[in-house]
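Chemist: One structure, as structure tokens, below. Some questions next.
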């Protein structure tokens with residue numbers, strides 16, 4: 001492949017190459033980690049007065065090893081930002097592109113957890129047991145969600161070589177049942193080599209009222225209306241950098257900065273949303289075309305790159321009703337504001353690194369998405385991303401009533417499918433379509449002062465997330481370890497891209513498979529084999545499409561009929577790669593994991609400060625929408641005491657049993673639609689002091705009606721019917737809380753965060 005920049009002198013290339021840290025260094029053996037301390041070199045006699053000590057020498061990185069700042073966004077897509085020709089201004093990413101180099105053939109794994117596994121380990125996702133989102137882990141070698149000890153992460157390797165390591169933001173690699181206070185914590189950032197973590201250990205987070213962790217401990221919510229999480233994350237990263245520089249300015253650091261935006265829920269400051277009013281009125285078909293033309297004009301994609309057509313079954317902009325258009329436009333304006341806000345926070349962190357004097361010696365890698373933009377928002381977008389899963393149908397009246405909620409804490413939404421497709425221009429499809437470039441290809445920027453041969457250029461070398469770990473080690477002059485903590489290490493599946501900073505042409509021959517949920521692809525030296533139905537295409541090449549990407553940048557023309565021999569050859573290669581990387585057995589779509597051990601039926605929360613996960617990654621799984629009995633022993637501080645007894649989920653899908661001036665109240669929310677939220681309240685208050693309150697909830701099944709009854713002893717205080725139950729509480733990361741309601745509340749309470757005025761002795765939850 002050619003490089004999309006003009007030639008550079010041999011002298012300049014040589015100068016840049018000489019400035020790079022070299023992998024071979026005199027000094028300790030860095031292939032076996034931890035690095036052994038030198039033998040004692042002093043002299044021991046009867047007393048210290050006449051003995052000679054041997055000073056302790058902490059492990060340090062090789063001389064000249066840079067700081068490293070690794071940024072990966074979420075669900076942004078190849079063409080959303082202005083940096084890659086998109087409609088959303090991202091001036092801070094633009095300035096990195098001007099000082100660095102953009103990559104227009106960089107690839108992800110097509111969906112979140114597998115991409116993050118590849119980034120952290122330098123190995124293919126199934127090779128490290130991460131073939132699908134970790135919430136759906138199941139007991140097969142390619143899918144159990146636990147990185148093997150033979151695949152040390154980049155953070156572990158850098159830390160054991162003397163780097164200070166920190167992670168901020170989203171970590172979506174914790175297997176089911178391991179995100180509670182009981183651990184285990186091996187797959188948390190602090191178990192994967194990060195000495196410091198500030199963020200959330202789930203697939204998504206509310207931006208207004210997130211449940212944030214420092215290390216493995218959840219933090220108390222800040223008082224009042226907090227800053228959006230992206231700003232809190234930037235503030236914490238800046239604080240960490242300042243403290244690092246003050247304590248040990250000569251020690252390099254590795255920061256992994258991973259914002260959860262622009263994943264759902266889409267939430268952004270109202271003033272930023274207003275800034276984008278009218279910017280997308282032409283609709284997604286036109287926005288996608290305009291982006292494609294800008295990309296060609298700016299040299300971001302080849303001049304002969306074709307714009308791929310809208311997939312069959314996806315709504316044309318012209319087919320939307322006026323209400324649908326208004327709703328879809330607001331959804332895109334919110335998403336654009338969210339990306340703009342993310343870029344602002346990145347700019348603040350970069351400014352602080354510049355102010356403290358570390359930016360010039362920092363290798364900055366910015367990956368603009370962990371997969372392509374998302375198409376989960378249906379025809380016009382959604383107010384609640386799990387509306388369909390929870391059996392909620394949004395008619396036009398509901399869309400019209402919800403427009404003003406979009407972007408606020410009262411919506412947990414995502415933009416329309418068509419916008420997700422448009423944000424991947426010029427490629428076909430979007431996130432999770434693992435044989436299509438709309439899922440796989442994301443923009444990347446590398447900036448490193450004095451090391452880029454031609455700042456502002458665009459490089460066409462093939463790259464993949466598995467290449468990042470070997471690239472960072474190469475830049476630091478650190479070899480890939482052969483043994484870590486006594487365990488032999490598997491080889492990297494990726495290759496260093498460091499040489500592309502001085503010459504992006506050529507590159508070694510590459511083969512890279514892709515697979516998510518039964519959609520698959522294989523890249524090999526300029527060709528891409530692709531199928532949308534792997535289960536039906538396992539036994540022969542006939543169900544696969546073939547694209548010659550060297551001549552067809554955007555994957556626009558299936559040439560399988562012209563090259564049947566090449567298709568057979570690549571299919572055989574895909575079979576080899578699938579076997580080598582543990583891709584089989586094929587998992588179709590988002591099928592739930594196979595049943596394992598008998599689920600627990602009883603849960604006891606012994607106090608008003610106890611919480612446990614309440615989502616598919618937690619302990620209760622499918623029981624969350626079933627019948628149950630809740631018994632609570634409480635102490636009321638007074639006759640008008642208020643606060644939560646127990647709460648599960650949020651206003652978007654959840655329930656809460658609480659006190660309101662001494663009266664027990666039960667609220668059940670299937671969604672934020674008024675008819676989906678039921679309130680059942682007792683007529684009389686409980687007496688002060690010790691009391692026992694029970695709740696009996698009978699469900700006819702997910703999505704079907706239920707009945708709730710509040711009791712005190714043998715007395716029924718209140719009861720009522722629930723018109724429909726949810727499948728799962730929302731959002732991901734929400735919890736079952738006793739004595740409070742952390743994160744997004746189920747309803748409004750008289751006390752901050754619903755903290756009970758009194759005490760919780762015990763809440764016992766018994767599922768049928």
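The values are calculated or read from the model by the stated rules, or taken from the named source; none is laboratory data. Given the structure is predicted, the values throughout are model-derived calculations rather than measurements. Note that we place each Cβ from the backbone using ideal geometry, even for glycine, and neighbour counts take in every protein chain shown.
Chemist: Looking at (1) part of a helix (DSSP H, G or I); (2) out of contact with any strand residue (DSSP E or B) (no Cβ under 7 Å at 6 or more places or on another chain), find the lone condition where residue 378 falls short.
Modeler: Among (1) part of a helix (DSSP H, G or I); (2) out of contact with any strand residue (DSSP E or B) (no Cβ under 7 Å at 6 or more places or on another chain), the lone unmet condition for residue 378 is (1).
Chemist: Just checking, which of 363, 307, 346, 350 is in contact (Cβ under 8 Å) with a residue 60 or more places away in the chain, assigned by TED's automatic domain parsing to the domain that holds residue 101 and touching a strand residue (DSSP E or B) at 6+ places or on another chain (Cβ under 6 Å)?
Modeler: Matching residue, one of 363, 307, 346, 350: 363.
Chemist: Can I ask one more? Tell me, yes or no, whether segment 739-756 has at least one residue that is assigned to a strand (DSSP E or B) and either closer than 30 Å to residue 135 by Cβ or touching a residue at least 12 places away in the same chain (Cβ under 8 Å) (or both). Outline the logic, then answer.
Modeler: Kept after step one, since they are assigned to a strand (DSSP E or B), are these residues of segment 739-756: none.
Within segment 739-756, not a single residue is assigned to a strand (DSSP E or B) and either closer than 30 Å to residue 135 by Cβ or touching a residue at least 12 places away in the same chain (Cβ under 8 Å) (or both).
Chemist: If you check 475, 536, 520, 560, which single one turns out to be in contact (Cβ under 8 Å) with a residue 60 or more places away in the chain, in contact with a helix residue (DSSP H, G or I) (Cβ under 7 Å, 6 or more places away or on another chain) and over 19 Å from residue 142 (Cα atoms)? Show your work before the answer.
Modeler: Working: 536 fails: in contact (Cβ under 8 Å) with a residue 60 or more places away in the chain; 520 fails: over 19 Å from residue 142 (Cα atoms); 560 fails: in contact (Cβ under 8 Å) with a residue 60 or more places away in the chain.
Testing whether each residue is in contact (Cβ under 8 Å) with a residue 60 or more places away in the chain, in contact with a helix residue (DSSP H, G or I) (Cβ under 7 Å, 6 or more places away or on another chain) and over 19 Å from residue 142 (Cα atoms) leaves just 475.
Chemist: Name every residue in segment 286-313 that is surrounded by 19 or more Cβ atoms within 10 Å (Cβ to Cβ) and more than 23 Å from residue 460 (Cβ to Cβ), in order of residue number.
Modeler: 287
Chemist: Of all residues in segment 631-640, how many are surrounded by 21 or more Cβ atoms within 10 Å (Cβ to Cβ) and either modelled with pLDDT under 90 or closer than 12 Å to residue 765 by Cα (or both)?
Modeler: Of segment 631-640, the ones surrounded by 21 or more Cβ atoms within 10 Å (Cβ to Cβ) are 632, 634, 636.
Filter once more, keeping what is either modelled with pLDDT under 90 or closer than 12 Å to residue 765 by Cα (or both): 632.
Residues that pass the stated criteria total 1.
Chemist: Given the residues 475, 439, 453, which is the only one that is in the same structural domain as residue 357 (by TED's automatic domain parsing) and under 25 Å from residue 515 (Cα atoms)?
Modeler: Working: 475 fails: under 25 Å from residue 515 (Cα atoms); 453 fails: under 25 Å from residue 515 (Cα atoms).
Step by step, each of 475, 439, 453 is checked, and only 439 is in the same structural domain as residue 357 (by TED's automatic domain parsing) and under 25 Å from residue 515 (Cα atoms).
Chemist: Would you tally the residues in segment 489-505 being more than 27 Å from residue 132 (Cβ to Cβ) and surrounded by fewer than 21 Cβ atoms within 10 Å (Cβ to Cβ)? Walk me through how you get there before you give the answer.
Modeler: Just the residues of segment 489-505 that are more than 27 Å from residue 132 (Cβ to Cβ), to begin with: 496, 498-505.
Keeping just the survivors that are surrounded by fewer than 21 Cβ atoms within 10 Å (Cβ to Cβ) gives 496, 499, 502-503, 505.
Of the residues in segment 489-505, 5 are more than 27 Å from residue 132 (Cβ to Cβ) and surrounded by fewer than 21 Cβ atoms within 10 Å (Cβ to Cβ).
Chemist: Quick check on residue 715: is it surrounded by fewer than 23 Cβ atoms within 10 Å (Cβ to Cβ), modelled with pLDDT under 95 and more than 23 Å from residue 382 (Cβ to Cβ)? Explain how you work it out, then say what you get.
Modeler: Details: surrounded by fewer than 23 Cβ atoms within 10 Å (Cβ to Cβ): yes; modelled with pLDDT under 95: yes; more than 23 Å from residue 382 (Cβ to Cβ): yes.
In short, yes.
Chemist: Also: From the list 520, 508, 578, which residue is buried (at least 16 other Cβ atoms within 10 Å of the Cβ) and either within 30 Å of residue 451 (Cα to Cα) or touching a strand residue (DSSP E or B) at 6+ places or on another chain (Cβ under 6 Å) (or both)? Quick ask: steps written out before the conclusion?
Modeler: Values: 508 fails: buried (at least 16 other Cβ atoms within 10 Å of the Cβ); 578 fails: either within 30 Å of residue 451 (Cα to Cα) or touching a strand residue (DSSP E or B) at 6+ places or on another chain (Cβ under 6 Å) (or both).
Result: 520 is the single residue among 520, 508, 578 that is buried (at least 16 other Cβ atoms within 10 Å of the Cβ) and either within 30 Å of residue 451 (Cα to Cα) or touching a strand residue (DSSP E or B) at 6+ places or on another chain (Cβ under 6 Å) (or both).
Chemist: What's the number of the condition residue 479 fails, among (1) within 20 Å of residue 526 (Cα to Cα); (2) surrounded by fewer than 21 Cβ atoms within 10 Å (Cβ to Cβ)?
Modeler: (1)
For (1) surrounded by 15 or more Cβ atoms within 10 Å (Cβ to Cβ); (2) modelled with pLDDT under 95, each residue gets a yes or a no:
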position: 537; (1), (2): yes, yes
position: 543; (1), (2): yes, yes
position: 548; (1), (2): yes, no
position: 555; (1), (2): yes, no
position: 561; (1), (2): no, no
position: 565; (1), (2): no, no
position: 573; (1), (2): yes, no
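For every residue, the table says whether it meets (1) assigned to a helix (DSSP H, G or I); (2) over 17 Å from the mean Cα position of the chain (by Cα); (3) not assigned by TED's automatic domain parsing to the domain that holds residue 111.
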position	(1), (2), (3)
387	no, yes, no
400	yes, yes, no
404	yes, yes, no
409	no, yes, no
425	no, yes, no
430	no, no, no
435	no, yes, no
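Chemist: From the list 170, 231, pick out the single residue that is touching a strand residue (DSSP E or B) at 6+ places or on another chain (Cβ under 8 Å), within 25 Å of residue 413 (Cα to Cα), surrounded by 16 or more Cβ atoms within 10 Å (Cβ to Cβ) and not assigned by TED's automatic domain parsing to the domain that holds residue 755. Walk me through how you get there before you give the answer.
Modeler: Numbers: 231 fails: touching a strand residue (DSSP E or B) at 6+ places or on another chain (Cβ under 8 Å).
Being touching a strand residue (DSSP E or B) at 6+ places or on another chain (Cβ under 8 Å), within 25 Å of residue 413 (Cα to Cα), surrounded by 16 or more Cβ atoms within 10 Å (Cβ to Cβ) and not assigned by TED's automatic domain parsing to the domain that holds residue 755 holds for just one of 170, 231, which is 170.
Chemist: Quick check on my filter: what residues within segment 259-271 are surrounded by fewer than 24 Cβ atoms within 10 Å (Cβ to Cβ) and either part of a strand (DSSP E or B) or in contact with a helix residue (DSSP H, G or I) (Cβ under 8 Å, 6 or more places away or on another chain) (or both)?
Modeler: Step one: of segment 259-271, the residues surrounded by fewer than 24 Cβ atoms within 10 Å (Cβ to Cβ) are 269-271.
269 - this is the single residue of segment 259-271 that is surrounded by fewer than 24 Cβ atoms within 10 Å (Cβ to Cβ) and either part of a strand (DSSP E or B) or in contact with a helix residue (DSSP H, G or I) (Cβ under 8 Å, 6 or more places away or on another chain) (or both).
Chemist: Can you go through 80, 93 and tell me which one is under 28 Å from residue 164 (Cα atoms), in the same structural domain as residue 436 (by TED's automatic domain parsing), surrounded by 22 or more Cβ atoms within 10 Å (Cβ to Cβ) and under 23 Å from the mean Cα position of the chain (by Cα)?
Modeler: Working: 80 fails: under 28 Å from residue 164 (Cα atoms).
Of the residues listed, the single one that is under 28 Å from residue 164 (Cα atoms), in the same structural domain as residue 436 (by TED's automatic domain parsing), surrounded by 22 or more Cβ atoms within 10 Å (Cβ to Cβ) and under 23 Å from the mean Cα position of the chain (by Cα) is 93.
Chemist: Find the residue count for segment 318-337, including only residues that are surrounded by 21 or more Cβ atoms within 10 Å (Cβ to Cβ) and touching a residue at least 60 places away in the same chain (Cβ under 8 Å). Walk me through it before giving the result.
Modeler: Residues of segment 318-337 that are surrounded by 21 or more Cβ atoms within 10 Å (Cβ to Cβ), as a first pass: 327-337.
Those still in the list that are touching a residue at least 60 places away in the same chain (Cβ under 8 Å) too: 327-328, 330-337.
Of the residues in that region, 10 qualify.
Chemist: Quick one: in segment 400-415, of everything that is surrounded by 21 or more Cβ atoms within 10 Å (Cβ to Cβ) and out of contact with any strand residue (DSSP E or B) (no Cβ under 7 Å at 6 or more places or on another chain), which residue is farthest from residue 449 (Cα to Cα)? Break it down into steps so the answer makes sense when it comes.
Modeler: Within segment 400-415, the first condition is being surrounded by 21 or more Cβ atoms within 10 Å (Cβ to Cβ), and the residues that meet it are 402, 406-407, 411-415.
Remaining after also requiring out of contact with any strand residue (DSSP E or B) (no Cβ under 7 Å at 6 or more places or on another chain): 402, 406, 411, 415.
Details: 402: 47, 406: 41, 411: 42, 415: 37 Å.
Looking at the filtered set, the residue picked out is 402.
Chemist: Hey, another quick one. Among residues belonging to segment 272-282 that are assigned to a loop (DSSP other than H, G, I, E, B) and touching a residue at least 60 places away in the same chain (Cβ under 8 Å), point out the one that is surrounded by the most Cβ atoms within 10 Å (Cβ to Cβ). Please lay out each step first, then the result.
Modeler: Step one: of segment 272-282, the residues assigned to a loop (DSSP other than H, G, I, E, B) are 276-282.
Retained after the next criterion (residues that are touching a residue at least 60 places away in the same chain (Cβ under 8 Å)): 276, 279-280.
On the way: 276: 22, 279: 15, 280: 24.
By that ranking, first place goes to 280.
Chemist: What residue, of 312, 354, 344, is more than 30 Å from residue 726 (Cα to Cα), over 22 Å from the mean Cα position of the chain (by Cα) and not in a loop (DSSP other than H, G, I, E, B)? Before the answer, list the steps.
Modeler: Working: 312 fails: not in a loop (DSSP other than H, G, I, E, B); 344 fails: over 22 Å from the mean Cα position of the chain (by Cα).
354 is the lone residue from the list that is more than 30 Å from residue 726 (Cα to Cα), over 22 Å from the mean Cα position of the chain (by Cα) and not in a loop (DSSP other than H, G, I, E, B).
Chemist: Which one of the conditions (1) under 38 Å from the mean Cα position of the chain (by Cα); (2) buried (at least 16 other Cβ atoms within 10 Å of the Cβ); (3) over 19 Å from residue 409 (Cα atoms); (4) modelled with pLDDT of 95 or more does residue 694 fail to meet, given that it meets all the rest?
Modeler: Checking residue 694 against (1) under 38 Å from the mean Cα position of the chain (by Cα); (2) buried (at least 16 other Cβ atoms within 10 Å of the Cβ); (3) over 19 Å from residue 409 (Cα atoms); (4) modelled with pLDDT of 95 or more, the one that fails is (1).
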